[in-house]
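Here the structure is laid out as structure tokens; the discussion comes afterwards.
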Amino acid sequence: MPTATSGWSGALAVVGGFLTGFAVWGLGAAPGLRGTFESERDLSLLYADLPLMLFGTPALALGAWALVARTRAGRGREGRAALAVVAALALAGWGGTEWLQMRTAAFVRTEAW
């Protein structure tokens, strides 16, 4: 039987996923959106990666929350679900950072002295 807090914790998982996705995209896509030599930019960061991060990360967080909150019975189920959401968001943030670092590697200036 769902508790009164289960709706709020699911909503917080979605908000946390949205904020994580937007923060990772905003920091990781900045070099590709600023451009390099002669203002060369990668606009696929806007129409491909932004929607993926804005909608995929909250879906992942909500999925992790629902999987743990609904299948684990007993006390502390909300705590275990929150821990699963934090772990899923940490992995999604790391994966998104790695992905965007690979995508924007051509836009990052690396000069050898």
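The values are calculated or read from the model by the stated rules, or taken from the named source; none is laboratory data. For clarity, every value in this text was computed on a predicted model and none was experimentally measured. Cβ: placed from backbone, ideal geometry, glycine included. Neighbour counts: every protein chain shown. What goes into the accessible areas is simple: the full protein's heavy atoms, side chains included, and nothing from ligands, DNA or RNA. Shrake-Rupley method; radii C 1.70, N 1.55, O 1.52, S 1.80 Å.
What list of ³J(HN,Hα) values in whole Hz, one per residue of the stretch 59-69 in order, does the Karplus curve 6.51 cos²θ - 1.76 cosθ + 1.60 (θ = phi - 60°) give from phi, with Gly and Pro shown as x?
5, 5, 5, 5, x, 5, 4, 5, 4, 7, 5
Put a dot 7 Å past each Cα toward the Cβ at Ala66 and Ser44; how far apart are the dots in nm?
Each label point is offset 7 Å from its Cα along the Cβ direction, giving 3.0 nm.
Around Gly95, under 14 Å between beta carbons, what's the net of Lys plus Arg minus Asp minus Glu among the other residues?
-1
In whole percent, and with a 1.4 Å probe on the protein chains, what portion of the accessible area of the stretch 14-96 is carbon and sulfur?
Its accessible area is 72 percent carbon and sulfur atoms.
Keeping all protein chains in position, work out how much accessible area Phe22 exposes to a 1.4 Å probe, and write it in Å² to the nearest 10.
Estimated to the nearest 10 Å², Phe22 gives 110 Å².
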